Amino acid sequence: MTIMTQDWTAGLAPGEDGVHYTFCRLCEAHCGLAARVEAGRIVDVQPDKDNPHSQGHVCLKGITFHNVTYDPDRITRPMKRVGGPGEFAPVGWDEALDDIAARLGRVLDAHGPDAVASYKGNPIAFGIDVSFSLKAFLRELGVTKYYGAGSQDTNARLTACYFAFGSAVTYDIPDLPHCDMLVMFGANPLVSNGSMVWSPRVRHDLDAIAERGRVVVIDPRRTETARRYQHVAARANGDVWLLLGMLRTLIDERLFDEAAVAAHMTGFAELAREIARHDPAVCAERAGVAPDVIADLARSFAATPRAVAYGRLGVCRGPHATLENFLLVALNLLGGKLGRQGGAIFSRPILGGSQKVLTGGYGDTRSRIGDFPSVAQFMASAMLPADIMEPGEGQVRAMILTGGNMVMSAPGGAALVDALQRLDLIVSLDLYQTESNRYADYILPVPTFFERDDYPMAGLGSMIRPFVQVTDAVVAPVGEARAEWEIFNALLERLGKPTHGRPMEDLDKAFRLGPAGDAMGEREGWSFDRLREHPHGVMVDLPDPYDPWPRIAWPDGKARLWHPAIADEFARLIPEGGDALRLITHRDIRSLNSWLHNVPRLVRSQHPDLLMNPADAARLGLDDGETVRLSIAAASVTVRIALTDDMRPGTVSYPHGWGHHGGWQHANAQGGSNINWLLPVGETAVERVSGTTVMDGLAVTIERLADTDRIALPA
Ligand SMILES: Nc1nc2c(c(=O)[nH]1)N[C@H]1C(S)=C(S)[C@@H](COP(=O)(O)OP(=O)(O)OC[C@H]3O[C@@H](n4cnc5c(=O)[nH]c(N)nc54)[C@H](O)[C@@H]3O)O[C@H]1N2
Ligand SMILES: Nc1nc2c(c(=O)[nH]1)N[C@H]1C(S)=C(S)[C@@H](COP(=O)(O)OP(=O)(O)OC[C@H]3O[C@@H](n4cnc5c(=O)[nH]c(N)nc54)[C@H](O)[C@@H]3O)O[C@H]1N2
Ligand code: SF4
Ligand SMILES: [Mo]
């Protein structure tokens, strides 16, 4: 391995020999990286120890990512489908773009923009040019059907914020550096590196909180994070009851912040009346947590001035996900933690013009079938197959897939695959031939993050310590790969529509006009050019985050503890009965959703196994390491079980994103199964108020395989 020296010289051109400082764009941590280029190729990647934000933190994904850039299975030429699924042949760029534009134009002319849908994958959020250009492209075509990860990820949290704060784009983040008690619902930051809160050294933040006070992790699995701090092994989807129990203690014992409620909130009486209907003992039973543990959590939370409740995926995908997130926000509000140092703070605007209060973001469009609202533009994924299959005005006939591998990551399984094959046109911009775009008509090759300029735009709202960095591409795009923004402009040009410039350039201006900017040279501050002279990035000063009330977007300026939609959700609240096993998902530090399984160094020590408590296995007569059939209704996959008392009895967990059969040879050889194949679609699979796919905590059946069904999985 080459030993790195910090020998950066300002203005290294892409591909020039030397060490290029840049940042990882795989997860929200956005760690600083130092990439050594020799003879035009990245030969080694190390942590950038001089990055003031990540301070040398990285994980194995970031420092092995050049293996993706140079992966022999990567798509580096435009590919056209010439036969069945997965049968592609290379074509020239002009031929591909001409044909795509002609076919897209025909769909638009004959059926209008509602016949075209977009699927935007998770990595697109972390590329500034691609995300802005995709938006501009769809806007020019009049396309408003945005599908993507939202309904498997953020929708419920953002919907709850809309009801509480009046905006689905204003969410609160935990002020980790000043916090003395963090109550964490369904998040595993030691593996995920934090989500909807950006802090690359999140473990150091949590350790410091535990040192000063408490970190409590509520999770049906004793996760890597739970193991390090205090674990409350609640039942899957039991959080709504746990939260009701905590709120009941706060209200009954008058431990809430009465002054804050009176000055800044409405709806207290309605919320209190509803909460009074729920018996703490019953709540505790349904949460699967002892009553005194819940009461103690509430009292300790109330008594700790610098405390905050935070929740992520584990509370974002159950049948009551919006209600759970709303009660979580209510806990922070009633506890007097919003805007408190060490409590919950709103992100600090960094772009000019964004200081204004943003409203809406909820229900701007609705699904054609089922009438579900979009949230921050994302439609309910569970309705995509019906949107393609059901005839009528607005039936989807063409799709643009930008990143995203929905066959692995969205619900639908066989129904989704069937629907994709009915489309007139699928165009995919991706690095690989995946389980989803094997049904595409074209796959267009795009750069990896090492091959493009960027700025950590997506995180600016969630960074607890504001940081900015501008990076140029480290190397030029491999093969014939072309930036997505160039592809979208080339298509717009052929369709006779107005094209747009490079989004990075517009953003520079917005940044310069924002609070950290130089006001176009009028004052001391930052511009992208000046940032380029600071290759490790810089920490920036932004306005005080401890005055949240001007950011409430409801016309009366008050946060809401009640909303008619929340009343409806309470009316719908029924306890989950039965003793079926419930399925949840876990992540691995060396995986990223569905697409890093082709890097041998990352996958060699991973085991896609169904984690199960030994007591459940004994009840079902199953052995450790056995391959079993896992089913939801009629859909089933085979998985290998691994027994561990980390799982709460009654809950099983499987990592998502496995079971490959795309163009990634190494990934295909890893075995495992795609559990999203099991997830139902259609109206009953959707949590109504947020369009969230109900996918965590579904009841599953597990059977021994008959001897003839047994298959060998790699060890
Ligand atoms: N290494 C790695 N990092 C990643 C990713 C990755 O794939 N790999 N993905 C990135 C993405 S896209 C995201 S959105 C973030 C997600 O970030 P996190 O939400 O922090 O990550 P998860 O591991 O999904 O954690 C969810 C936790 O919820 C628990 N859980 C499941 N059901 C319930 C429930 O009903 N109640 C409670 N209380 N807990 C429950 C699960 O056991 C799990 O530990 O991670 C990001 N970072
Ligand atoms: N069962 C279960 N399902 C889940 C989850 C879970 O925890 N459990 N998590 C959900 C969550 S939180 C998320 S965010 C989604 C993620 O699901 P998706 O949004 O579908 O994302 P990925 O599966 O990560 O697939 C990303 C694709 O983008 C491509 N790609 C990578 N970089 C780029 C780029 O720069 N440009 C372009 N054009 N393409 C690129 C990759 O090759 C890959 O094909 O999965 C969701 N699905
Ligand atoms: S934690 Fe790993 S994947 Fe996430 S930004 Fe840092 S290096 Fe990249
Ligand atoms: Mo996500």
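Could you give the distance between the Cα centres of region 585-618 and region 108-180, to the whole Å?
Centre-to-centre distance over Cα atoms comes out at 28 Å.
Which of rounded, prolate or oblate describes region 509-558 when judged by the alpha-carbon gyration tensor and an a/c cut-off of 1.5? Kindly include the intermediate steps, with their values, before the conclusion.
Working: a/c = 3.36, a/b = 2.30, b/c = 1.46.
Prolate, because a/c is 1.5 or more and a/b exceeds b/c.
How long are the three semi-axes of the equivalent ellipsoid of region 581-704, in whole Å, if each is the root of 5 times an eigenvalue of the C-alpha gyration tensor, listed from largest down? Don't skip to the answer; put the middle values down first.
On the way: eigenvalues 101, 85, 34 Å².
Ellipsoid semi-axes (Å, largest first): 22, 21, 13.
In region 5-69, if the dipole is taken from +1 on Lys/Arg beta carbons and -1 on Asp/Glu beta carbons about the Cα centre, which of Ser54, Leu26, Gly11 is farthest to the positive end?
Leu26
Tell me, what HN-Hα J-couplings in whole Hz come from the Karplus equation 6.51 cos²θ - 1.76 cosθ + 1.60 at θ = phi - 60° for each residue of region 472-484, using x for Gly and Pro?
Values per residue, Gly and Pro as x: 8, 4, 7, 9, 6, x, 6, x, 9, 4, 10, 4, 4 Hz.
Residue by residue, what Karplus-based ³J(HN,Hα) values in Hz, rounded to whole numbers, does region 23-35 have, using 6.51, -1.76 and 1.60 with θ = phi - 60° and x for Gly and Pro?
9, 6, 10, 8, 10, 5, 5, 6, 5, x, 10, 10, 10
When a/c reaches 1.5 or more, the comparison of a/b and b/c decides; with that in mind, is region 5-69 rounded, prolate or oblate per its Cα gyration tensor?
Values: a/c = 2.04, a/b = 1.30, b/c = 1.57.
Oblate shape, in that a/c is at least 1.5 and b/c is the bigger or equal ratio.
By a straight-distance test (C-alpha under 24 Å), which lysines pair with Lys135 as possible cross-link partners, with residues fewer than eight away in the same chain excluded?
Cα-Cα hits under 24 Å: Lys120, Lys145, Lys356, Lys497, Lys509.
Taking only DSSP H segments of four or more residues, each worth -39500 (n - 2.57), what value at 222 nm results for the chain once the sum is divided by all its residues, to the nearest 500 deg cm²/dmol? Could you put the intermediate results ahead of the total?
Values: 24 runs with 204 residues, N = 715.
Calculated at 222 nm, the ellipticity per residue is -8000 deg cm²/dmol.
Report, in whole Å, the centroid distance computed from the Cα atoms of region 198-230 and region 502-553.
Rounded to whole Å, the Cα centres lie 31 Å apart.
Taking Cα centroids, how far is region 83-103 from region 423-455 in Å?
Rounded to whole Å, the Cα centres lie 12 Å apart.
Round to the nearest 0.05 the FRET efficiency obtained for Thr644 and Asp296 when R0 = 22 Å and r is the Cβ-Cβ distance.
Details: r = 27 Å, r/R0 = 1.24.
So the FRET efficiency works out to roughly 0.20.
I'd like to compare 337-348, 556-567, 679-690: which one has the highest average count of other Cβ atoms within 10 Å, and what's the full order after that?
Details: 337-348: 23.5, 556-567: 18.6, 679-690: 21.5.
Result, highest mean first: 337-348, 679-690, 556-567.
Contour minus end-to-end for Leu60 and His534, with contour as 0.36 nm per residue of separation and end-to-end as the Cα-Cα distance?
Values: separation 474, 0.36 × 474 = 170.64 nm, distance 2.53 nm.
Residue separation times 0.36 nm, minus the Cα-Cα distance, leaves 168.1 nm.
With Kirkwood's inverse mean 1/r over C-alpha pairs for Rh, give me the Rg to Rh ratio of the chain, two decimals please.
Numbers: Rg = 24.8 Å, Rh = 26.2 Å.
Rg/Rh for the chain comes to 0.95.
Check Leu401: other-chain or 5+ apart residues with amide H under 5 Å from its amide H, H built from backbone geometry?
Tyr119, Val427, Ser428, Leu429
Name the shape class, rounded, prolate or oblate, that the alpha-carbon gyration tensor gives for region 165-281, where a ≥ b ≥ c are the square roots of its eigenvalues, rounded holds for a/c under 1.5, and otherwise prolate holds if a/b is larger than b/c and oblate otherwise. Working shown, then result.
Working: a/c = 1.93, a/b = 1.47, b/c = 1.31.
Prolate, since a/c reaches 1.5 and a/b exceeds b/c.
Using a cut-off of 21 Å between alpha-carbon atoms, which lysines can reach Lys49, once sequence neighbours fewer than 8 places away in the same chain are excluded?
Partners within reach: Lys61.
Just so you know, all these numbers are worked out from the coordinates, no wet-lab data involved. For clarity, every value in this text was computed on a predicted model and none was experimentally measured. Neighbour counts are summed over all protein chains in view; Cβ atoms, including those assigned to glycine, are modelled from backbone coordinates with ideal geometry.
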